[in-house]
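Everything on this sheet refers to the single structure shown next.
The values are calculated or read from the model by the stated rules, or taken from the named source; none is laboratory data. Quantities reported herein were computed from a predicted structural model and do not represent experimental measurements. All Cβ positions, even for glycine, are placed from backbone atoms using ideal geometry, and neighbour counts span all protein chains on display. Heavy atoms of the whole protein, side chains included, go into the accessibility calculation; ligands, DNA and RNA do not. Shrake-Rupley method; radii C 1.70, N 1.55, O 1.52, S 1.80 Å.
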Amino acid sequence: MTTRHLRAALMLAAAVPLAAATVAAALRASHLKLYADRYRIELMPQPRRSCPDCRGVGGWWIGGANPEMEACGCWANRPELRVRLLPVPAWPDEPPF
């Protein structure tokens, strides 16, 4: 390996953790949760801890005989972003039993 190749390899090795830390800080600041698997990448909104309405819980219970949770606007009105990577198989190749 020449010194030019070695320098490029070291720069790349240093850039990857720095990029990962930057992405993690950006996701934390924007209150998004990252989910990734082989079929999709999703960015889902999360409740803000500083929200004066829900105080970071994400909603509140509304009464009645069958109580339900009403979602707070700090995260429920924000869009979810999804990128499909591979098509999801309609039926697996193996039989179910």
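Looking only at residues of region 26-84 that are touching a helix residue (DSSP H, G or I) at 6+ places or on another chain (Cβ under 8 Å) and of a type in the set (K, R), we find that the one that is least open to solvent (accessible area, probe 1.4 Å) is R48.
Residue count for region 32-47, restricted to those that are touching a Lys or Arg at 6+ places or on another chain (Cβ under 7 Å) and under 22 Å from M69 (Cβ atoms): 4. Of all the numbered requirements in (1) assigned to a strand (DSSP E or B); (2) closer than 21 Å to A76 by Cβ, C51 misses one, and that requirement is (1). Given the condition in contact with a strand residue (DSSP E or B) (Cβ under 9 Å, 6 or more places away or on another chain), of a type in the set (A, V, I, L, M) and outside any strand (DSSP E or B), answer yes or no: does some residue in region 4-22 qualify? Checked against the condition, which is being in contact with a strand residue (DSSP E or B) (Cβ under 9 Å, 6 or more places away or on another chain), of a type in the set (A, V, I, L, M) and outside any strand (DSSP E or B), region 4-22 yields no hits at all.
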